[in-house]
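Worksheet: one structure, shown below.
The numbers here are math on the coordinates, done by the rules we state, and not lab data. What you see is a predicted model, and the numbers here were worked out from it, not measured in a lab. Neighbour counts are summed over all protein chains in view; Cβ atoms, including those assigned to glycine, are modelled from backbone coordinates with ideal geometry.
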Amino acid sequence: MKEKTKRLLPIYLSAIILGIFTVFFIFRGNFEFLVYAATLFPLMWVIAKTDRFFDYLPVAKWGFAVWMLSHMAGGSLHIGGTRLYDIIIVNLIGSPYSILKYDQLVHVFCYFVITLFIYSIVVKMARPAKTKGDRFLIIFIAFAASMGVSALNEIVEFIAVAFFNSTGVGDYYNNALDLVFNAIGAVIALFFMERRNNNNK
């Protein structure tokens, strides 16, 4: 297996998963999904084109593939008549927050992965971190950028709701909780990277 193919195997796998589910949703007449596909395919292309330069971690690329499968399954599979994304894994807090749902776990994992990608970009573009202040700045920029992507994702969901008159993404509470769980995922990723960096010293 060529080095490039080996490095990008999880991204190729992600594209295949997205392609299969795109066809599946088209046949089901769920054209709202095409809005998400229209953003995810270009994102994977950008990751593939910039991988060698930014040297993304394998855990980030394989995590992206795992997230893609869990995301697609969440929107298409039903258990006992309930969409997987709406299933409550552990009933910690009731309505209107409905914590902890499968959807919220996927958001945490998604932004754990996204933040790993962003961290690699920030580190590559910044000067080497020589002080605690430098490291804090890198962490802050990576977190802020991750939350920017998080907000953009919510805008994409709003566009899908506006154009397709869909309520599948939930209400205000769901939107706000998505941002909260995205932030949790980002923080976990940054702790992961800091611990990894400390262990490599």
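Could you check the simple spin-label distance between Thr50 and Trp62, using points 7 Å along Cα→Cβ, in nm with one decimal?
The modelled label-to-label distance comes out at 2.3 nm.
I need the Kirkwood Rh of region 21-103: take the reciprocal of the average 1/r across all distinct C-alpha pairs and report it in angstrom. It would help to have the intermediate numbers written out before the result.
Values: mean 1/r = 0.0668 Å⁻¹.
Radius from the Kirkwood sum: 15.0 Å.
Within the chain, how many Lys pairs that are eight or more residues apart, or on different chains, come under 23 Å at the alpha-carbon?
Number of lysine pairs found: 15.
Check which residues have an amide H placed less than 5 Å from Leu77's amide H, if you skip close sequence neighbours.
Leu84
Relative contact order for region 3-200: what is it in percent, counting Cα pairs under 8 Å that are at least 6 residues apart?
22 percent
Tell me, what does the Kirkwood hydrodynamic radius of region 3-200 come to in angstroms if you use every pair of distinct C-alpha atoms? Walk me through the numbers before you get to the answer.
Numbers: mean 1/r = 0.0559 Å⁻¹.
Radius from the Kirkwood sum: 17.9 Å.
Just the ratio, please: alpha-carbon radius of gyration of region 7-59 over 2.2 N^0.38 Å, N its number of residues.
1.29
Give the long-range amide H neighbours of Lys101: residues separated by 5 or more places, or on another chain, with amide H under 5 Å away, using H modelled in the peptide plane at 1.01 Å from N.
Answer set, sorted by chain and number: Ile89.
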